[in-house]
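Single-structure report; data block below.
The values are calculated or read from the model by the stated rules, or taken from the named source; none is laboratory data. As the structure is a prediction and not an experimental result, all values here were calculated from the model. A quick note on method: Cβ atoms are made from the backbone with ideal geometry, for glycine too, and the neighbour counts reach across all protein chains shown. Remember, those area values only see protein heavy atoms, side chains included, never the ligands or the DNA or RNA. Shrake-Rupley method; radii C 1.70, N 1.55, O 1.52, S 1.80 Å.
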Amino acid sequence: VGVDVLYNVTPALRATVSVNTDFAETEVDQRQVNLTRFPLFFEEKRDFFLQGASYFDFGREQGQQVTPFFSRRIGLDAAGQQQPIDIGAKLTGSVGPFDLGVLQVRTDENLTQPGADFTVARLRRRILRESYVGVLYTRRADRLAGAAARHTAAVDFSLRTSTFLGNKTVDLSGWYIDTTNPLETGQSLARGIRLQYPNDPLLFDFSFRDLQPNYNPTVGFLQRTGFRRYNPEVGYTWHFPNLPMLRSQQVNADP
């Protein structure tokens with residue numbers, strides 16, 4: 001029988017403990033056909049992980065190519081088979097200018113795989129009016145003799161203002177991720193930076209990301225590795241207040 005206990009440590013900080021977590025009523029994923037060589041991303045649907053999930057968000061990257069923490073990796077063994085969760089504890093919320101998320105989960109053993117212990121910690125410090133700096137740490141330790149724990153350590157930041165030149169928005173963000181490489185051959189980092197100017201009439205967006213060949217966040221979502229990408233985009237919108245059938249026209253250049 002599953003038991004969930006919730007306790008508000010403060011009005012802005014909540015602790016949750018779940019024992020023999022039951023996901024029997026969780027919505028089933030919609031069937032999809034994958035015609036690419038990359039894995040599909042399925043959203044988290046388990047209530048225990050959805051509550052307070054935003055406190056574990058990392059970076060401001062679009063898409064799922066850079067997701068160092070993905071809660072659906074918890075409760076699966078190395079072969080992708082389900083493992084029951086014996087106990088999970090979570091602390092999420094805000095303390096002054098800090099946003100905090102801490103998660104500890106222990107999974108049960110099955111016939112083919114030992115259980116595992118998962119640790120996730122996310123700390124984000126709000127600065128200025130719309131900006132932040134943050135750190136993220138994840139750990140997976142399979143309870144198997146001789147198995148080494150796998151770690152991910154990451155930092156990110158966003159310097160954002162919506163009052164540039166009076167009423168324009170500018171956002172400079174970046175991230176750096178270091179993951180465990182059991183072979184100790186290096187090349188296990190990921191990094192990126194992005195400058196956005198998403199305004200009207202001028203739009204500008206430039207991003208750079210580099211995922212090295214051995215980058216592997218063991219409690220994250222991994223779509224592809226071993227690439228470096230520069231992505232510039234410029235757009236301009238013309239407005240036609242005197243034309244009832246055509247109010248605006250936007251042109252984008254995205255190589």
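For the stretch 196-255, the alpha-carbon coordinates run over 56, 20, 16 Å along the three principal axes, in decreasing order.
Along the stretch 109-116 the Karplus relation, 6.51 cos²θ - 1.76 cosθ + 1.60 evaluated at θ = phi - 60°, assigns HN-Hα couplings of 7, 10, 5, 10, 9, x, x, 9 Hz to successive residues, with x for each Gly and Pro. Ellipticity at 222 nm from helices only: DSSP H runs of n ≥ 4 in the chain, each -39500 (n - 2.57), divided by the residue count, give 0 deg cm²/dmol.
Based on the Cβ-Cβ distance from residue 119 to residue 36, what FRET efficiency comes out when R0 is 45 Å, to the nearest 0.05? That pair, residue 119 with residue 36, gives E of 0.90. Solvent-accessible area assigned to carbon and sulfur over the chain amounts to 55 percent, based on a 1.4 Å probe. When peptides 94-105, 212-223, 238-249 are ranked by their average number of other Cβ atoms within 10 Å per residue, the highest-first order is 212-223, 94-105, 238-249.
For the stretch 69-118, a Kirkwood radius taken over Cα pairs fed into Stokes-Einstein (10 °C, viscosity 1.306 mPa s) yields D = 131 µm²/s. Working note: Debye formula, equal point scatterers on the alpha-carbon atoms of the chain, no solvent; log10 I(q)/I(0) at q = 0.13, 0.15 Å⁻¹ is -0.97, -1.19. When the chain is treated as a GNM with alpha-carbon contacts under 10 Å, the residue of 233, 184, 109 showing the greatest mean-square fluctuation is 184.
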